[in-house]
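To start, the structure under review is shown below, and the notes come after it.
We did not get these values from a lab; they are worked out from the coordinates using the rules stated. What you are looking at is a predicted structure, and each value in this text was computed from that prediction instead of being measured. No Cβ is skipped: glycine too gets one built from the backbone with ideal geometry, and neighbour counts run over all protein chains shown.
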Amino acid sequence: MPSIDGKTIWITGASSGIGEALTYLLDKRNCKLILSSRKEEELQRVKSNCQHQDTTHIVCLDLAAYETMPAIAAHVVSEHGPIDILVNNAGLSQRSLIAETEFEVYKKLMEINYLGTVALTKALLPHFIKNKSGHFVTVTSLMGKFGSPYRSGYCGAKHALHGFFDVLRMEHEKDHIGVTLICPGFVNTNVAKNALTANGASQNEQDMATQNGISAETLAKKMIRAIEKKKFEAYIGGKERFGVYLRLFPKLLHNVVLRSTVR
């Protein structure tokens, strides 16, 4: 099994949560890191906690500004050399009922979770093709495999990521480019607090299910193992991950989800 040690890895959403936890673990593995998010001050804080600050670099980006991705990718490659792995981790969740949710909320979820991620991936793809190597690691969700109340737009965007990256894997296997989809369940981060509500405002409070989820560090450790094994998909979390296997029984899955605590 190939080791991730010493790889050059670009992480989006690195200023908190899963991305921050992953940064610290990869720093200990002597990886050269490019950390991205919209929040430069928070990225600086994360970098200051790294052991190898000389090989940890900050590149701010906003996934909603997807037209800027080609220039940002070109800058990263020019400044930092060949990229081994892009971790598409940044994203935004949702907590609102369909009947109450403004359409602009759906647009924002698609722009950030899907279009921005696709734009950055496409911007880096020629670099991977040229090098005949590279690995796209995209953090989707178990909600990319099945649905749940209060997350309709989030589920739609995450399902879309699965469709895109499955095809990317098929089309570029010949170029020795890997694709791993990481599908977390409940993880104890600020994802629920930052989730969009019906009018686009943040929820600003923690969900009980999210609070009781696995730690970001636990998820990051399992992510690294999945990356090293070059898994196509990894389902990580508590008992909610078994919903993936119930998709063969749609009515059963429907009833199980409705009986579950989802917020």
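Per-structure values
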read-out: Calculated from backbone phi, Karplus (6.51, -1.76, 1.60) coupling profile of segment 203-214 in Hz, x at Gly/Pro; value: 5, 6, 8, 7, 7, 4, 5, 5, 4, 8, x, 5
read-out: Helix-derived mean residue ellipticity, 222 nm - over the chain, DSSP H n ≥ 4, -39500 (n - 2.57), to 500; value: -12000 deg cm²/dmol
read-out: Longest segment of the chain lacking GluC sites (Glu not before Pro) that sit in a DSSP loop with at most 15 other Cβ atoms within 10 Å; value: 103-204
read-out: Positive-end residue, segment 114-263 charge dipole about Cα centroid, Cβ charges, pick of PHE242, GLY153, ALA195; value: PHE242
read-out: Charge dipole (debye, nearest 20) of the chain; +1 at Cβ of Lys and Arg, -1 at Cβ of Asp and Glu; value: 920
read-out: Relative contact order computed over the chain (Cα-Cα under 8 Å; 6+ residues apart), in percent; value: 19
read-out: Alpha-carbon centroid distance for the pair segment 166-187 / segment 73-104, whole angstrom; value: 15
read-out: For the chain, built as a Gaussian network whose Cα springs stay under 10 Å, the top-fluctuating residue of LEU219, LEU26, LEU97; value: LEU97
read-out: The chain: DSSP helices with Cα axial extent of at least 24 Å and average Kyte-Doolittle hydropathy no lower than -1.0; value: 152-172
read-out: Most to least packed among 47-54, 58-65 [average Cβ atoms within 10 Å]; value: 58-65, 47-54
